Amino acid sequence: MRVIVVGGGAGGTIVANRLSRLLSDNVDRGELEIVVLDKSEYHYYQPGYLFVALGEEEPEHFIRKERELLDENIKFFHGDQGEVVKIMAAENKLQTKDGRIWDYDYIVLALGSIPYLDAIPGLKEGSYSFYTMEDAIKLRDAINDFRSGKVVVGVSSLPYKCPVAQYEILFALHDLFIKEKKDAKFEYFFPLKGTHQHPAVSPVGERWMVEKGIKIISPFNVTRVDPDKKVIYSKENIEIKYDMLIVIPPHISPRVVRDSGLADMWVPTDPYTLKSLKYDNMYLLGDITDIHGVPKAGSVAEYQASVVAKNIASRIKKSGTVYKYDGSAFCFIMHSMDEAGYLYMAYTKPPVISLPSKYAKWMKMLYNELYWGMSAKAEI
Ligand SMILES: Cc1cc2nc3c(=O)[nH]c(=O)nc-3n(C[C@H](O)[C@H](O)[C@H](O)COP(=O)(O)OP(=O)(O)OC[C@H]3O[C@@H](n4cnc5c(N)ncnc54)[C@H](O)[C@@H]3O)c2cc1C
């Protein structure tokens with residue numbers, strides 16, 4: 001029997017390690033093979049990009065070899081051997097870029113989401129982002145070089161991963177420039193009315209912005225950016241001039257999803273069992289699901305990994321128990337360089353954000369440190 005996990009990012013790594021513990025007897029007896037396939041040999045801890053951009057950490061701090069994170073009894077393939085180009089779900093097969101056809105009994109899709117700056121003309125040339133390590137480094141250099149002027153921060157379109165990342169870069173940078181005595185004015189735009197898509201979060205973000213004197217422009221749906229004139233244009237016919245522009249880019253699913261006919265964008269998933277709505281032996285977790293109202297976040301992938309692993313183990317062991325995800329998600333939201341708020345939500349619990357504190361910022365940094373040894377290795 002074989003379980004294949006496609007994608008060895010946050011969700012894929014944790015689910016594979018959990019499966020290997022739950023089914024270690026089956027693996028040891030040679031009855032079960034757990035395989036992780038990823039196009040990359042390296043695992044990037046994406047929440048770290050913010051701290052690279054802010055100059056608080058070096059890029060290497062947030063990169064590890066995936067092999068080192070996975071239990072020894074898990075097989076790992078990367079590069080052309082790991083990049084999945086097609087999933088023939090009706091036949092329980094998939095194909096990797098090297099041409100190999102794999103059979104599976106269960107498949108877990110943990111493919112993530114991809115920033116796609118080309119969706120908006122001029123965005124790549126005219127703005128900064130921090131949604132890849134490369135872009136975070138470019139933003140760090142631009143922040144260092146910035147002397148004075150108008151900084152515009154905004155969100156291009158929904159959905160996007162880490163739905164508070166725009167707040168974090170805005171508030172942290174606002175504070176950093178005050179500390180560095182740089183003369184900066186800040187403006188914020190968002191595609192819906194308010195500052196956030198969740199009605200319970202939006203007023204909190206708005207209050208923090210008003211307190212800091214940050215101008216809010218919403219709704220504002222970016223149509224194009226003119227890098228020469230340094231102007232950003234919207235569907236609402238509003239133009240914003242900027243000296244530095246930081247935009248949360250549009251997101252798409254990896255191409256293999258469309259090439260395999262699984263979905264046009266996000267893959268239909270049962271919000272509780274995390275099983276595909278179409279294929280009985282396919283489970284999904286993390287950014288790739290279409291689950292409404294759940295953020296695309298690493299904390300979500302981590303909670304979901306536990307449910308997916310238990311459901312697959314339960315079926316292999318024929319225990320009959322079905323485990324359910326309760327919609328849990330958490331995150332820390334930077335309110336300045338030194339303070340953060342803490343947010344928790346679930347299907348039946350609207351988000352609540354704690355007052356900003358040094359303690360929560362410290363917890364955020366601690367979580368980053370514990371990720372490699374605890375979360376990714378599924379030790380908690
Ligand atoms: C700047 C930033 C800040 C963030 N901050 C936070 C935060 O504070 N808290 C939080 O909870 N979340 C945060 N996130 C979001 C979090 O990183 C993601 O939601 C999380 O990584 C999703 O996990 P995943 O397993 O679904 O996808 P990923 O971790 O992205 O993993 C997907 C994997 O699939 C692989 N892959 C893709 N296509 C293929 C293919 N065809 N074949 C094989 N492999 C493939 C990729 O190489 C990758 O390794 C942040 C993200 C960013 C960018």
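For the stretch 72-109, GluC sites (Glu not before Pro) are listed when DSSP marks them as loop and at most 15 other Cβ atoms sit within 10 Å of their Cβ; the list is 72.
Packing here is the average count of other Cβ atoms within 10 Å per residue, and on that basis the peptides 117-129, 36-48, highest first, run 36-48, 117-129.
Across the stretch 1-139, the mean sequence separation of Cα contacts (distance under 8 Å, 6 or more residues apart), normalised by length, yields a relative contact order of 31 percent. Once the 1.4 Å probe is applied to the protein heavy atoms, the chain comes out at 44 Å² accessible per residue.
Place a +1 charge on the Cβ of each Lys and Arg in the chain and a -1 charge on the Cβ of each Asp and Glu, then give the dipole magnitude about the Cα centre in debye, rounded to the nearest 20.
760
Note on the stretch 116-250: antiparallel DSSP beta bridges, both residues inside, total approximately 30 percent of the bridges counted.
Summing Cβ point charges (Lys, Arg +1; Asp, Glu -1) relative to the Cα centre of the stretch 116-250 gives a dipole of roughly 260 debye.
Charges were assigned to the Cβ only: +1 to each Lys and Arg, -1 to each Asp and Glu. The resulting dipole of the stretch 30-132 about its Cα centre is roughly 360 debye. Over 26 Å between Cα atoms, which of 124/361; 97/324; 86/235; 278/318 qualify? Those over the limit are 124/361; 97/324; 86/235. Please work out whether the stretch 328-380 counts as rounded, prolate or oblate from its C-alpha gyration tensor, where a ≥ b ≥ c are the square roots of the eigenvalues and a/c under 1.5 means rounded, while otherwise a/b larger than b/c means prolate and anything else oblate? Judged from the Cα gyration tensor, the stretch 328-380 comes out oblate (a/c at least 1.5, b/c at or above a/b). For residue 246, the residues whose amide H sits under 5 Å from its own are 128, 152, 153, 154, ignoring neighbours fewer than 5 places away on the same chain, with H placed 1.01 Å from N. Against the main long axis of the alpha-carbon atoms of the chain, helix 358-370 sits at an angle near 40°. Between 46, 346, 164, the Cα set farthest toward the positive side of the dipole of the chain (charges on each charged residue's Cβ, about the Cα centre) is that of 346.
Any idea which of 112, 92, 76 is furthest toward the positive side of the dipole for the stretch 55-147, if Lys and Arg beta-carbons carry +1 and Asp and Glu beta-carbons -1? Highest projection toward the positive end goes to 92. Ligands, DNA and RNA left out, the accessible area of the stretch 113-212 computed with a 1.4 Å probe is 55% carbon and sulfur. Out of every Cα-Cα pair in the chain, what percent are more than 32 Å apart? Counting every Cα pair in the chain, those more than 32 Å apart make up 34 percent.
Take every Cα pair under 8 Å in the stretch 116-250 that's 6+ residues apart, average their separations, divide by the length, and report that relative contact order as a whole percent.
The normalised contact order for the stretch 116-250 reaches 37 percent.
The values are calculated or read from the model by the stated rules, or taken from the named source; none is laboratory data. Fair warning: this is a prediction, and the values are worked out from it, not measured in the lab. With ideal geometry, Cβ positions are generated from the backbone for all residues, glycine too; neighbour counts draw on all protein chains shown. To get the accessible areas, we keep the full protein, side chains included, count just its heavy atoms, and leave off ligands, DNA and RNA. Shrake-Rupley method; radii C 1.70, N 1.55, O 1.52, S 1.80 Å.
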